[in-house]
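Okay, structure first, notes after.
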Amino acid sequence: MSLNRTAREKLVRALAVSVIEHADELTSLDQAIGDGDHGLNMKRGFEAVLATLPALADKSTPEMLKAIGMTLVMKVGGASGPLVGTFFMELGKALPEEPARADLVAATGKAIDAVKARGRSEAGQKTLLDVLVPVQAILAAGGDAAAIAAEATEAAERTTPMLATRGRASFLGERSIGHMDPGSRSASLLIGAAVVTLEF
Ligand code: ADP
Ligand code: MG
Ligand code: MG
């Protein structure tokens, strides 16, 4: 699981490209049940992350993840910046330098707990936790890259019929039903990019 410098740089680029290339899609999802800025928020954050390459990839994997998280917290307005940023920061804090799969399972669990605390939220409320939680369960159960990527996509799709009870979409009440949660979609894009690059 340990990443060399080339793999770290490749990972960062893949994460950034995954959301930047889908910014318009994320924006339309957020136009339906939010304020229409999710694509721009994520794009701004990951462009700022890309701007810190190549120095970012000189860091160890845990330090790199912490730095990505801090950049996202600082550069992304809206709810998603602090939440996605917290995920990366806590993942970096919890991972050892050369993580085994069990370390990744434990660290993603801690990072999800930190997101829950920050958002005062749980899975089932039509937020990015509805992707993070089931995907982490597949990871913990030993799923391979294909299983993890498939679950990320399906979990985002499963948010469509859900009623939002956290975040801006919750202001719409029943009208939040029938649209995919934008934060769940961006989380699924990031996870898809990560598993393709990490090849586990
Ligand atoms: P904002 O809603 O402030 O405009 P974004 O549009 O960038 O921020 O992000 C919205 C996404 O953030 C939602 O689709 C949802 O997945 C996530 N989100 C919002 N509030 C919470 C929360 N309290 N807990 C977890 N995720 C949340
Ligand atoms: Mg928004
Ligand atoms: Mg906003």
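Throughout, read-outs are computed from the coordinates displayed, never taken from laboratory work. A quick note: this is a predicted structure, and the numbers were derived from the prediction, not measured. Note: ideal-geometry Cβ built from the backbone for every residue, glycine included; neighbour counts use all protein chains shown.
Being buried (at least 20 other Cβ atoms within 10 Å of the Cβ), aliphatic (A, V, I, L, M) and touching a helix residue (DSSP H, G or I) at 6+ places or on another chain (Cβ under 6 Å): is that true of VAL131 here?
When the stated conditions are applied, VAL131 passes them.
For GLY77, state whether it is at positive phi and within 12 Å of ligand 3 (Cβ to nearest atom).
Spelling it out, it is not the case that GLY77 is at positive phi and within 12 Å of ligand 3 (Cβ to nearest atom).
Determine, yes or no, whether GLY85 is buried (at least 19 other Cβ atoms within 10 Å of the Cβ), within 16 Å of ligand 2 (Cβ to nearest atom) and under 16 Å from the mean Cα position of the chain (by Cα).
In short, yes.
Scan the range 61-81 and give yes if some residue there is within 20 Å of ALA193 (Cα to Cα), within 16 Å of ligand 2 (Cβ to nearest atom) and touching a residue at least 40 places away in the same chain (Cβ under 8 Å), otherwise no.
yes
Keeping to the range 1-31, report how many residues are within 16 Å of ligand 2 (Cβ to nearest atom), surrounded by fewer than 17 Cβ atoms within 10 Å (Cβ to Cβ) and among the aliphatic types (A, V, I, L, M).
0
Would it be correct to say that GLU174 is over 25 Å from MET70 (Cα atoms) and either within 16 Å of ligand 3 (Cβ to nearest atom) or not small (Gly, Ala, Ser) (or both)?
Spelling it out, GLU174 is indeed over 25 Å from MET70 (Cα atoms) and either within 16 Å of ligand 3 (Cβ to nearest atom) or not small (Gly, Ala, Ser) (or both).
When you check THR127 against the structure, is it in contact with a Lys or Arg (Cβ under 9 Å, 6 or more places away or on another chain) and polar (S, T, N, Q), yes or no?
Answer is yes for this residue.
Filter the range 144-176 for residues that are surrounded by fewer than 21 Cβ atoms within 10 Å (Cβ to Cβ), hydrophobic (A, V, I, L, M, F, W, C) and within 14 Å of ligand 1 (Cβ to nearest atom) and give the result.
If the condition is that a residue be surrounded by fewer than 21 Cβ atoms within 10 Å (Cβ to Cβ), hydrophobic (A, V, I, L, M, F, W, C) and within 14 Å of ligand 1 (Cβ to nearest atom), then MET162, LEU163, PHE171, LEU172 are the ones that fit.
Of the conditions (1) touching a residue at least 40 places away in the same chain (Cβ under 8 Å); (2) farther than 29 Å from ILE177 by Cα, ALA102 fails just one. Which one is it?
All conditions pass for ALA102, except number (1).
Let's see how each residue does on (1) in contact with a His (Cβ under 9 Å, 6 or more places away or on another chain); (2) within 18 Å of VAL131 (Cβ to Cβ):
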position	(1), (2)
GLU63	no, no
VAL73	no, no
SER80	yes, yes
LEU83	no, yes
GLY92	no, no
